[in-house]
Structure formats: structure tokens, C-alpha cells
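Notes to accompany the following structure.
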Amino acid sequence: MNKDTVVPRGPRHGQPLPPDEAARLNAILDRWRTTPGALLPILHDVQAEFGHIPANAVGPIAHALHQSRAEIHGVISFYHDFRRTPAGRHVLKICQAESCQAVGSRALTAHVERQLGCRLGATSADGAVTIEPVYCLGNCACSPAVLFDGELHGRVDAEQIDRLLQQARARS
């Protein structure tokens with residue numbers, strides 16, 4: 001450990017990260033420590049590493065960047081792509097922008113909510129699928145659009161979304 005290595009502690013209760021997670025977090029912080037404006041790249045790397053931004057990683061990130069926990073929390077809560085809890089095994093992002101709404105994304109969202117038994121922004125009870133809103137996938141000519149496990153799909157209807165969900169569950 002170098003002199004800048006952080007002993008990660010939780011934001012409120014002082015609980016440290018488990019040693020393996022602390023080591024993984026410190027590796028990310030060390031990678032970005034000297035880069036100006038490193039907060040967003042750090043948060044992206046933390047989420048890629050852990051699947052979300054663990055609450056007890058906020059303090060160490062703030063300490064490493066000489067910022068307050070409130071500043072870090074503000075950025076995490078501002079950007080909808082950062083998660084504070086782990087996502088399901090699959091992530092379905094449904095476009096909620098005007099173009100997609102005009103051709104049925106709200107009905108598609110309601111269909112998915114019924115199929116999964118959870119609301120937009122939540123994860124199905126079996127942990128298989130998280131459904132999230134997104135505001136424009138840049139696929140307006142093929143609305144309604146969804147991003148499923150990072151793969152863009154256009155002109156999506158209820159049958160197509162059902163097939164995608166079935167395929168995902170079969171792979172899980």
C-alpha cells in the first residue's frame with residue numbers, strides 16, 4: 001500500500017469494505033488518482049467492477065479525490081446510469097423519450113412491468129431482469145427502442161420483448 005491508499009469505511013456506520021473489495025476499489029482509485037476530473041471515470045469503473053456503486057465506497061472515493069461524500073453522492077444520484085444497488089442478471093432499458101412514446105413505449109413499459117411483476121426502475125423478484133428508463137437511445141427512426149444487455153433493438157413490440165425476456169431467462 002502506498003501513502004495514498006485508502007482504508008475504505010462506510011458512509012454512515014463506519015463499516016469497512018471487505019478486504020477483497022477494498023483492494024479492488026483501491027486499484028481503481030490508484031489508476032485514476034492523478035487524472036484531473038477523474039470522478040466520472042472512477043464511478044464508471046467502480047460500477048463495472050462491482051455491478052453498482054456500493055454505499056461504503058462513497059467515503060473512500062471522496063477521500064481520494066479530496067471531495068465531500070455529499071459531492072460524490074450528488075453525482076451518483078444525478079446520473080441515471082449509476083446504480084446504488086446491484087442490477088438483475090439482465091438489464092432492459094426502455095426508451096421513454098417523445099419519439100418512442102409516440103409509437104407505444106408507454107404501453108410496452110406497462111407490458112414489461114406486468115410480465116416481470118415489477119415497476120420501471122426495479123428488478124424482478126427472481127433477480128433475473130432490471131427494467132430501467134432511458135431517455136433517447138438515438139434510434140428514433142426505429143421507435144420504440146430498447147437496450148437489452150447492451151444490445152439495441154428497434155421497433156419493439158410486446159411479442160418481441162417477450163422473446164427477449166424468454167431468451168434471457170433461458171441463459172440465466
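Structure data summary
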item: Options Asp81, Asp162, Asp157: the member that is at pLDDT below 95 and surrounded by fewer than 19 Cβ atoms within 10 Å (Cβ to Cβ); result: Asp81
item: Filter pass, Ala102 being over 17 Å from His52 (Cβ atoms) and touching a residue at least 40 places away in the same chain (Cβ under 8 Å); result: yes
item: Matching residues, the stretch 126-147, being closer than 26 Å to Arg84 by Cβ and among the hydrophobic types (A, V, I, L, M, F, W, C); result: Ala128, Val129, Ile131, Val134, Cys136, Leu137, Ala145, Val146, Leu147
item: Any hit, the stretch 141-156, residues being touching a helix residue (DSSP H, G or I) at 6+ places or on another chain (Cβ under 6 Å) and aromatic (Phe, Trp, Tyr); result: yes
item: Residues that are in contact (Cβ under 8 Å) with a residue 12 or more places away in the chain and over 17 Å from Gly74 (Cβ atoms), drawn from the stretch 18-46; result: Glu21, Ala22, Arg24, Leu25, Asn26, Ile28, Leu29, Asp30, Arg31, Trp32, Arg33, Asp45
item: Residue, surrounded by the fewest Cβ atoms within 10 Å (Cβ to Cβ), within the stretch 31-52, restricted to residues that are touching a Lys or Arg at 6+ places or on another chain (Cβ under 8 Å) and outside any loop (DSSP other than H, G, I, E, B); result: Glu49
item: Selection from the stretch 108-136 of residues that are in a loop (DSSP other than H, G, I, E, B) and free of Cβ contacts under 8 Å to residues at least 40 places away in the same chain; result: Gly117, Cys118, Arg119, Leu120, Gly121, Ala122, Ser124, Ala125, Asp126, Gly127
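The values are calculated or read from the model by the stated rules, or taken from the named source; none is laboratory data. Predicted model, so just to flag it, every value in this text is computed and none were measured. We place every Cβ from the backbone using ideal geometry, glycine too, and count neighbours over all the protein chains shown.
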